[in-house]
Amino acid sequence: MRDLQPLADSLSPESRALAHALRELFRGLDVSVRRYASRRFRDAGTLSRYLSGTRIPPWEVIMDLFTDLAEHCGTPPTPEAIELVRRLHSAAVETSASPRHAVELLEAQLADADRTARRSSTHGDVLGEALLDRQHRIADLEVRLSQLEAEWSAERARADALAEALDAGAQEQTPDVADLLLERGVLRDEVSRLADELEEVQKRRELAEDRCELLERQLETIEEVELSPSKAAANPVPVPQCMPKVLIVDDQADNLLAMTAVLSSLDQELVAVSNGRDALKALLDHDDFAVIILDVQMPEMDGYETAAHIKRRTRNRDIPIIFLTAMGTDSEHSARGYAAGAVDYIGKPFDPWALRAKVSVFTDIFLERRLRAG
């Protein structure tokens, strides 16, 4: 296309391969970059950088491209084609250490969490109004029932007959009362159901708000990292020699990138791997790890199994393990994590300040032990 920028010269092989694939897909649309960006409500400059390889797009952008191409050509993409581009995308993400890309990924997650919070808030308002309406209707029925009871007491004979009929279970003789009692029972059941549903929606909103807060903290931390090179140039600080390493294990490239960006302001060398086997290999190659940050849900060898292998090795068994997982931090999961030998069990999204503080503590412990041994 005439407005498709040439590929950047400094691209890694993985980013270049992904950019070539995306450009081939885009050419099939036969539309300008600006026009397509307007169609998808995206920034034309950002889309151009995606296609020139200087930025790695979120996977949702690539799936939109597949969808639009299928609509334009009248044929859906093959699973093989999608899987090929997915592998290229994963490889490009794994080799990209740009804090800017980490910011983009976290911003996308923040937008998703914000949408969840807003939807939950709207749903909660609707349920609250419905609950208030049912409560008003119950109050109205109570008034009507009270009026009927007043009429019964005014007509003693009729009240006695009514009571006798009710005791005998002959509700068909008092249709007004029976209908009102039935309606009140139905409304009370509905109030109970709405109250339970409202409580669940409020919990979802609170969780989404907490997720937004943690993601914003991660963004602030990474943005500080982006500014740190200029600050370091103005105020150079001597870097301690022989600092220990931090091993980060997660099968999701996006998570590895985010954790690396958050921890990159520390003095330690960060070693990031994507599976348990590579983690065990890294521990064989190096003996100066201060702490291991380990994901739980991984294919082939999960975090618990990886931790068990680590603890069976004499040279590695004393390295602290922090489980970082999206499975949740309830007692069942955390108990299993501690049983596997972990010193901490943290849910995702994580608090970047807390994670950096924990890593710093274990680094200080490692350095103190090494000093005593020396």
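Brief remarks on what is shown
- Arg369 being surrounded by fewer than 17 Cβ atoms within 10 Å (Cβ to Cβ) and over 16 Å from Leu247 (Cα atoms): yes
- The lone exception for Ser192 - which of (1) farther than 27 Å from Glu209 by Cβ; (2) of a type outside the set (D, E, K, R); (3) surrounded by fewer than 15 Cβ atoms within 10 Å (Cβ to Cβ); (4) at pLDDT 75 or above it fails: (1)
- Total residues in region 1-39, condition in contact with a helix residue (DSSP H, G or I) (Cβ under 6 Å, 6 or more places away or on another chain) and among the charged types (D, E, K, R): 4
- Some residue of region 87-103 being open to solvent by 30 Å² or more (accessible area, probe 1.4 Å), modelled with pLDDT under 85, part of a helix (DSSP H, G or I) and of a type in the set (S, T, N, Q): yes
- Among the residues of region 31-50, those that are hydrophobic (A, V, I, L, M, F, W, C) and more than 24 Å from Ala258 (Cβ to Cβ) comprise Val31, Val33, Ala37, Phe41, Ala44.
- Selection from region 313-349 of residues that are assigned to a helix (DSSP H, G or I), crowded, with 18+ Cβ neighbours inside 10 Å and either acidic (Asp, Glu) or in contact (Cβ under 8 Å) with a residue 24 or more places away in the chain (or both): Gly337
- Of the strands (runs of 3 or more DSSP E) that lie entirely inside region 242-297, not one contains 1 or more residues that are in contact with a Pro (Cβ under 6 Å, 6 or more places away or on another chain), in contact (Cβ under 8 Å) with a residue 12 or more places away in the chain and open to solvent by 10 Å² or more (accessible area, probe 1.4 Å).
- Summed over region 66-86, the residues that are in a helix (DSSP H, G or I) and either in contact with a helix residue (DSSP H, G or I) (Cβ under 7 Å, 6 or more places away or on another chain) or under 29 Å from Ala272 (Cα atoms) (or both) give a count of 9.
- Taken together, the residues in region 16-65 that are closer than 21 Å to Leu84 by Cα and outside any helix (DSSP H, G or I) amount to 8.
- Members of region 40-51 that are farther than 17 Å from Thr95 by Cβ, open to solvent by less than 60 Å² (accessible area, probe 1.4 Å) and touching a residue at least 24 places away in the same chain (Cβ under 8 Å): Ser48, Leu51
Residue-by-condition table, conditions (1) of a type in the set (S, T, N, Q); (2) farther than 26 Å from Ser360 by Cβ:
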{"site": "Gln297", "(1), (2)": "yes, yes"}
{"site": "Glu300", "(1), (2)": "no, yes"}
{"site": "Gly303", "(1), (2)": "no, no"}
{"site": "Arg312", "(1), (2)": "no, yes"}
{"site": "Arg315", "(1), (2)": "no, no"}
{"site": "Leu324", "(1), (2)": "no, no"}
{"site": "Ser331", "(1), (2)": "yes, yes"}
{"site": "Ala340", "(1), (2)": "no, no"}
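- The number of residues in region 298-312 being in a loop (DSSP other than H, G, I, E, B) and open to solvent by 40 Å² or more (accessible area, probe 1.4 Å) comes to 3.
- Comparison of Ala161, Ala165, Ala150 shows that the only residue that is open to solvent by 40 Å² or more (accessible area, probe 1.4 Å), at pLDDT below 65, on the phi < 0 side of the Ramachandran plot and assigned to a helix (DSSP H, G or I) is Ala161.
The values are calculated or read from the model by the stated rules, or taken from the named source; none is laboratory data. Bear in mind that the values here come from a model prediction, so they are computed numbers and not experimental data. Methodologically, a virtual Cβ is constructed for each residue, glycine included, from the backbone with ideal geometry; neighbour enumeration extends over all protein chains shown. Keep in mind that these areas ignore ligands, DNA and RNA; they rest on the heavy atoms of the full protein, side chains included. Shrake-Rupley method; radii C 1.70, N 1.55, O 1.52, S 1.80 Å.
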